[in-house]
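To start, the structure itself, in structure tokens.
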Amino acid sequence: MDAIRNLIERSSSGHLDAPIPNREELDKIYQAALRAPDHKGLKPSRFIEVSGEGLDKLSNIFVNFAKKNLTEADKGTIEKYRKMPYRAPLIIILISCYTADRGVPEIEQMMSTACSAQSILLALNALEYSGMWRTGKLSFNQSISSLLGLRNNETVIGYIYVGTNIGPKKQKDLPNSSDFVEIWT
């Protein structure tokens, strides 16, 4: 796929099913992710790949999170959290790993992981798959990080739901760049 067309035409999909990328394709996707801007070469990103029975494990973690952390955790809410991982056949959990001793602010390291997420979405699109980046209460949260077994310096910044789009393709109008760009000459 042409690189500029990929950048302009990529869109998220909430209607995902199999097939998912194979191991060789996933390796390429992660290589793209790891080319994100990275001040001082800290490599502040890592990923947890969840599929198959791993979705059941993640579902249990989400339910435990909801029961422990949400005051409005009625049966309906618990069921919503139980179902979340099954929105797609593959989830990539985005983890930012903060290194304090190298003089790079934590937010900059998180932004590097965010850039890796965009690279994942673009690589998926280029390979004719689709994805959706989700955040919400299950991101930027020490409780969920603990339930996932992350280290103290690690933060979940989101989840990329991955698969093949089985719904209508989102048709987004291209914004007029002049509405967003101020030019100084």
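Where a number appears in this text, it was derived from the coordinates with a stated rule and is not lab data. Note that the structure is predicted; figures quoted are calculated from it, not measured. Every residue, glycine as well, gets a Cβ built from its backbone with ideal geometry; the counts of neighbours run over all protein chains shown.
When +1 charges are put on Lys and Arg Cβ atoms and -1 charges on Asp and Glu Cβ atoms, the dipole computed for the chain relative to its Cα centre reaches about 460 debye. The relative contact order of the chain comes to 34 percent, based on Cα pairs under 8 Å that sit 6 or more residues apart. With θ taken as phi - 60° and the Karplus curve 6.51 cos²θ - 1.76 cosθ + 1.60 applied, the whole-hertz 3J(HN,Hα) list for the stretch 29-37 is 4, 5, 4, 4, 4, 7, 9, 4, x Hz, x standing for glycine and proline. Footprinting exposure proxy ranking of ARG10, ARG102, fewest other C-beta atoms within 10 angstrom first, gives ARG102, ARG10. Compute the longest continuous run of the chain that contains no exposed GluC sites (Glu not before Pro); treat a site as exposed when its DSSP state is not H, G, I, E or B and it has at most 12 other Cβ atoms within 10 Å. Within the chain, the longest run free of exposed GluC sites (Glu not before Pro) spans 1-71.
Dividing the mean sequence gap of close Cα pairs (under 8 Å, 6+ apart) by how many residues the stretch 77-185 holds gives a relative contact order of 34 percent. The magnitude of the dipole of the stretch 92-185, with charges of +1 and -1 set on the Cβ of Lys/Arg and Asp/Glu and taken from the Cα centre, is near 380 debye. In the stretch 2-117, taking the dipole from charged Cβ atoms about the Cα centre, the farthest positive-side position among PRO21, MET110, GLN31 is held by MET110.
Fully extending the segment from ARG151 to THR185 would add 7.5 nm, taking 0.36 nm per residue of separation and subtracting the current Cα-Cα distance. Separation of the stretch 164-185 and the stretch 48-114, taken as the distance between their Cα centroids, equals 28 angstrom. Once the Cβ-Cβ distance between ALA73 and SER11 is put in as r, and R0 is 45 Å, what FRET efficiency do you end up with, to the nearest 0.05? The formula returns an efficiency of 0.85 here.
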